[in-house]
Ligand code: SME
């Protein structure tokens, strides 16, 4: 499942589309092909304001267009710079709820030239759906995305 999705994602990244459109296509690809990826989106870092800004996404519209660094799962990743796998969002105190359907979440940092520039955020309607394979796949994908990040 992940192998084929990964090669399709690489084709998207190599295309001549705009950066934003590539990210939207990747969000669409992930949400269509992986049954437990139910909301998929990107947040961009803004170190000046210390606020994450919502980029392209697929799924239920969210009110959380701007998230201060440190707040919620995404805000914590803005500070730690490390992947955060949350198998049960109800067990998290520092969590920002987007929809009552969401049970779990994974947030993966995207680095460009060693600088944290964005995050891939995935919400799932299932409890404990994320395996080590998910994490490896998503971290590999975010590395590929980081390599084509515009300056
Ligand atoms: N749940 C996230 C907020 C973003 S939404 O999932 C789209 C968080 O706690 O950071």
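The values are calculated or read from the model by the stated rules, or taken from the named source; none is laboratory data. As the structure is a computational prediction, the values presented were derived from the model and not from experiment. Heads up, the Cβs are rebuilt from the backbone with ideal geometry, glycines too, and the neighbour counts pull from every protein chain shown.
At-a-glance table
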| quantity | calculated |
| --- | --- |
| Selection count, region 91-103, where residues are free of Cβ contacts under 8 Å to residues at least 40 places away in the same chain and touching a strand residue (DSSP E or B) at 6+ places or on another chain (Cβ under 9 Å) | 4 |
| Within region 97-110, considering residues that are within 12 Å of the ligand (Cβ to nearest atom) and assigned to a strand (DSSP E or B), the one farthest from residue 53 (Cα to Cα) | 104 |
| In region 14-24, the residues that are out of contact with any helix residue (DSSP H, G or I) (no Cβ under 6 Å at 6 or more places or on another chain) and either over 15 Å from residue 40 (Cβ atoms) or surrounded by 13 or more Cβ atoms within 10 Å (Cβ to Cβ) (or both) | 14, 15, 16, 17, 18, 19, 21, 23, 24 |
| Tabulated pairs, region 52-68, first more than 16 Å from residue 117 (Cα to Cα), second surrounded by fewer than 18 Cβ atoms within 10 Å (Cβ to Cβ) and at pLDDT below 95, C-beta under 6 angstrom, 6+ apart or interchain | 60/99 |
| Candidate set from region 83-96 (those that are in a loop (DSSP other than H, G, I, E, B), away from the ligand (no atom under 12 Å from the Cβ) and over 12 Å from the mean Cα position of the chain (by Cα)); member that is farthest from residue 143 (Cα to Cα) | 88 |
| Pick from region 111-133, criterion free of Cβ contacts under 8 Å to residues at least 60 places away in the same chain and not in a loop (DSSP other than H, G, I, E, B), ranking: nearest to residue 50 (Cα to Cα) | 115 |
| Single residue of region 123-149 satisfying the filter (within 16 Å of the ligand (Cβ to nearest atom) and within 14 Å of the chain's Cα centre (by Cα)) that is surrounded by the most Cβ atoms within 10 Å (Cβ to Cβ) | 123 |
| Selected residue (criterion: nearest to the ligand (Cβ to nearest atom)) from residues of region 31-71 that are closer than 23 Å to residue 151 by Cβ and in a loop (DSSP other than H, G, I, E, B) | 69 |
